[in-house]
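The values are calculated or read from the model by the stated rules, or taken from the named source; none is laboratory data. Just so it is clear, the structure is predicted and the values come from calculations on it, not from any experiment. No Cβ is skipped: glycine too gets one built from the backbone with ideal geometry, and neighbour counts run over all protein chains shown. The protein model used for the area step is the full one, side chains on, heavy atoms only, and it has no ligands, DNA or RNA in it. Shrake-Rupley method; radii C 1.70, N 1.55, O 1.52, S 1.80 Å.
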Amino acid sequence: DIVERADGIPLFIEELARDIAGDKRAGIPETLQDLFAARLDALGVAKGVAQAAATIGREFDIALLQRISRLDIATLMRTLHQLKDAGLLLGSQIAGFRFKHALMHDAAYGSQTRHEREMTHLRIAVALKNSGKDERPEILAQHWAAGGETHEAIACWIEAGKRASRESA
């Protein structure tokens, strides 16, 4: 059943086998997206952290995630390790964390409602703006735009363009 359902997709085969090994009564999800959605739903509170991390990006800064999640560092680290144990993340506190696969990142990002996603992008933009670092205005612009703040996004895109022009050969 696993081989038939996975249709030759190695990641799907690996993840199906992992889930079935952990729960002998588990049914076989129809799609890889369904498998990741079910895994996220089973994580409870950790699902929100995974969604926030996915909104930052496939690789994410732990300090930024802490600022937008409003969790203390100990709770956040426990939650990140829970996500790692669930097979969604790779990395460590020292090396940093990232989603194991782009499809896992996409599943976590896509599991949010549009409103939740916009609000998370706005929290990220505010946190980046308030950090005092002005390293990458294009990243800030992307979060402002995804959060629906067009005027803020335009100002950041203009700054990113100016910076690119100054630094070009």
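Quick one: putting +1 on the C-beta of Lys and Arg, -1 on the C-beta of Asp and Glu, what dipole do you get for the stretch 51-145 around its Cα centre, in Debye to the nearest 20? Walk me through the intermediate numbers first.
Values: 13 positive and 10 negative charges, 23 e Å.
Dipole size: approximately 100 debye.
On a full-extension model of 0.36 nm per residue, what is the gain between MET77 and GLN33, subtracting their alpha-carbon distance, rounded to one decimal in nm? Kindly include the intermediate steps, with their values, before the conclusion.
On the way: separation 44, 0.36 × 44 = 15.84 nm, distance 2.58 nm.
Gain on stretching MET77 to GLN33: 13.3 nm.
Give me the accessible area of PHE97, 1.4 Å probe, in Å² rounded to the nearest 10.
Approximately 10 Å² for this residue.
Could you tell me which of ALA108, LEU128, ALA95 has its Cα farthest along the dipole of the stretch 94-140 towards the positive end, charges placed at Cβ (Lys, Arg +1; Asp, Glu -1), taken about the Cα centre?
ALA95
Provide the per-residue ³J(HN,Hα) series for the stretch 46-54, in order, calculated from phi with Karplus coefficients 6.51, -1.76, 1.60 and θ = phi - 60°, each as a whole number of Hz, with x at glycine and proline positions.
Ordered by residue, 3J(HN,Hα) equals 5, 4, x, 5, 4, 5, 5, 4, 5 Hz.
What are the ³J(HN,Hα) values, in whole Hz, obtained from phi via the Karplus relation 6.51 cos²θ - 1.76 cosθ + 1.60 with θ = phi - 60°, for each residue of the stretch 153-168 in sequence order, with x given for Gly and Pro?
4, 4, 4, 6, 5, 4, 4, 4, x, 4, 5, 4, 5, 5, 8, 6
Among the lysines, which fall within straight-line cross-link reach of LYS162, defined as a Cα-Cα distance under 20 Å, with same-chain neighbours fewer than 8 residues apart omitted?
Once the sequence-local lysines are set aside, what remains near LYS162 is LYS129, LYS133.
Can you spot the lysines whose alpha carbon is less than 23 Å from LYS84's alpha carbon? Ignore those fewer than 8 places along the same chain.
Answer for LYS84, where 23 Å is the Cα cut-off: LYS24, LYS47, LYS100, listed by chain and number.
Once amide H atoms are built 1.01 Å from N in the peptide plane, which residues 5 or more positions from LEU89, or in another chain, come under 5 Å H to H?
For LEU89, the qualifying residues are LYS84, LYS100.
Tell me, what is the percent relative contact order of the stretch 63-117, built from C-alpha pairs under 8 Å that lie six or more residues apart?
About 17 percent, as a whole number.
So what are the ³J(HN,Hα) numbers for the stretch 137-150, from phi and the Karplus equation (6.51, -1.76, 1.60; θ = phi - 60°), rounded to whole Hz, Gly and Pro as x?
Those phi angles translate into x, 5, 5, 4, 4, 4, 5, 4, 4, 5, x, x, 9, 4 Hz.
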